[in-house]
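**Q** There's a structure below that I have some questions on.
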Amino acid sequence: MPILAAAATTEHVHARGVSVKFDGLAALTDVDLSLRRGEVLGLIGPNGAGKTTLVNVLTGFQAPTTGQLWLDDGDVTGWPAHALARAGLGRTFQSVRLFPGMTVAENVELGAVGTGCTRGAARRRAHDILQWLGVTALAETEAATLPFGDERWVGLARALAGEPAFVFLDEPAAGLNELEVDRLLQIIARIPSELGCGVLLIEHNIELVMSLCDRIQVLEHGRTIAMGTPEEASTNPEVRRAYLGADLDETVTSRQRTTTFAADDTVLRVADLVVGYGPVQALRGISVEVGDGELVSVIGPNGAGKSTLMNAVAGLVTPSEGAIDYRGADLIGRPPERIAREGIALVPEGRHVFAALTVEENLITGATASGGPKAVAAELDAVLQLFPILRERYRQPGGKLSGGEQQQLAIARALLARPKLLLLDEPSLGLAPLVIDQLFGVLAKMRDDGMSILLVEQNAARAMSISDRTYVLRNGRIVMAGRSQDLVGDARFDDAYFGFAPERARP
């Protein structure tokens, strides 16, 4: 007998032909989705695939440009979020959004009041759901004092307090440690049978998704590219391509070289690095090395900790444990500007060019050449030969450049600092395939000219095609490492990258 049986009588939620455009940019294109009570549907896809946008449509936080939303046979397209919540659709958010001045119990009560409950009934529901989750001890705790993991439980409790027929969970495992993820897995597995809900799960932890879900739907660039069982999704070549890039074997062999690097040639040695944001551990004891003149890639799913690694090396975040050795010097505790002067340049995710400055002015901000204007002019000429499109755009504002041109500008500006080690964080993000081809051709040339590069890249195939070695990072840990061409032929690679689980967690 369910402890808190869903009050709503709806048995089926489905979206038909949903499209969403933001200023002409297609976030979703003609997406269908179907979810029944008692099942768990996983919604996965690379970063920017449109997953949260689809959940926002389903829960009334985003109006579709075209398409319809149905509860059973009733058209509820355009209903506001509060009306859909009362009709039986509950949700959590990537950011928990608790009311900090209220207790845990009061936060959960609001989830019930928002669906039409009296205060008395809401109080009883809050008590029941906190008991069901095993967190009754938190009831009188002020939300502002909660550690991150407990915030996640309260967000889930609030979503369930409205006794929804369907609950949409948007990255509920983000930032949780391994023990908390295991506990979450068991809780979600009980929701359909004990609470009578259908569950839609968005999650970058693919192992968790494969363990929990009856069906999986995969989005890429706002379109559905695959639907089926976990087994079907894990073997679908389109899913593999969406996450890893183009044909992995063919792409990786396209720009490989046979250079080997001796241990005494190491310029960067990261050892047993632990980095946390408050109670959330982003890196859990990882070790990475880059040789002199070597290009090393770090790949893995979104949220694996890749950017945190780059920021730690650049001095933007401070590790709690471990060491970062650069040419014999310990970098931990040094300010970013001193690390930059040591010869390390970071090109961050998002490019961060100065929109109001011209290309020339953006480049000059990175120039550190001594010897006066002639020396600066010579270095400017060198990077413009590497990126000739910037010469054509020399007098244009940085904000008027295309995404690919801005990425080239960001890299060129970093090179003018004359780095001995270049850190590149997601250089292909948001770029067209042809532009990516051109960009990676330049990176391969920089590698061949002897630049030491640490590359974080969402397109695994592209990254491995130009890197000498690759580290696979998942859930803050290195799960596989080796020569890029060797990893491609290793049968364990997909399991390492995705974390495919052989057994289901459903009772």
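**Q** Any idea of residue 221's accessible area? Nearest 10 Å², probe 1.4 Å.
**A** Spelled out: residue 221, probe radius 1.4 Å, area about 140 Å².
**Q** On to the next question. Among the lysines, which have Cα under 26 Å from the Cα of residue 21 when same-chain residues fewer than 8 positions away are ignored?
**A** 51, 400
**Q** If you fit an axis through the alpha-carbon atoms of helix 148-161 and take the longest principal axis of the Cα set of the chain, what angle between them do you get, 0 to 90°, nearest 10?
**A** Once rounded, one gets 40 degrees.
**Q** I'd like the carbon and sulfur percentage of the solvent accessible area for the chain, probe radius 1.4 Å, heavy atoms only, ligands and nucleic acids excluded.
**A** With neighbouring chains kept in place, the figure for the chain is 51 percent.
**Q** Just to be sure I understand, if you calculate Kirkwood radius over Cα pairs in Å for this structure, which of [x] 24.6; [y] 26.2; [z] 23.3 do you get?
**A** Calculated Kirkwood radius over Cα pairs in Å: the matching label is [x].
**Q** Now, a different point. State in Å² the accessible area per residue of the chain; use a 1.4 Å probe, count heavy atoms of protein chains only, and round to the nearest integer.
**A** Values: 21300 Å² over 507 residues.
Per residue, the chain has 42 Å² of solvent-accessible surface.
**Q** Please sort 75-82, 353-360 by packing, taking for each peptide the average over its residues of neighbouring beta carbons within 10 angstrom, highest first. Each step should come with its number before you reach the end.
**A** Values: 75-82: 14.0, 353-360: 16.9.
For the peptides 75-82, 353-360, the packing ranking is 353-360, 75-82.
**Q** Please report the spacing between the Cα centers of the range 415-464 and the range 99-158 in Å, no decimals.
**A** Cα centroid to Cα centroid, the span is 47 Å.
**Q** Once the Cα atoms of helix 373-386 and of the chain are each reduced to a long axis, what angle between those two axes, in degrees from 0 to 90 to the nearest 10, is obtained?
**A** Tilt of helix 373-386: around 60 degrees.
The values are calculated or read from the model by the stated rules, or taken from the named source; none is laboratory data. What you see is a predicted model, and the numbers here were worked out from it, not measured in a lab. All Cβ positions, even for glycine, are placed from backbone atoms using ideal geometry, and neighbour counts span all protein chains on display. To get the accessible areas, we keep the full protein, side chains included, count just its heavy atoms, and leave off ligands, DNA and RNA. Shrake-Rupley method; radii C 1.70, N 1.55, O 1.52, S 1.80 Å.
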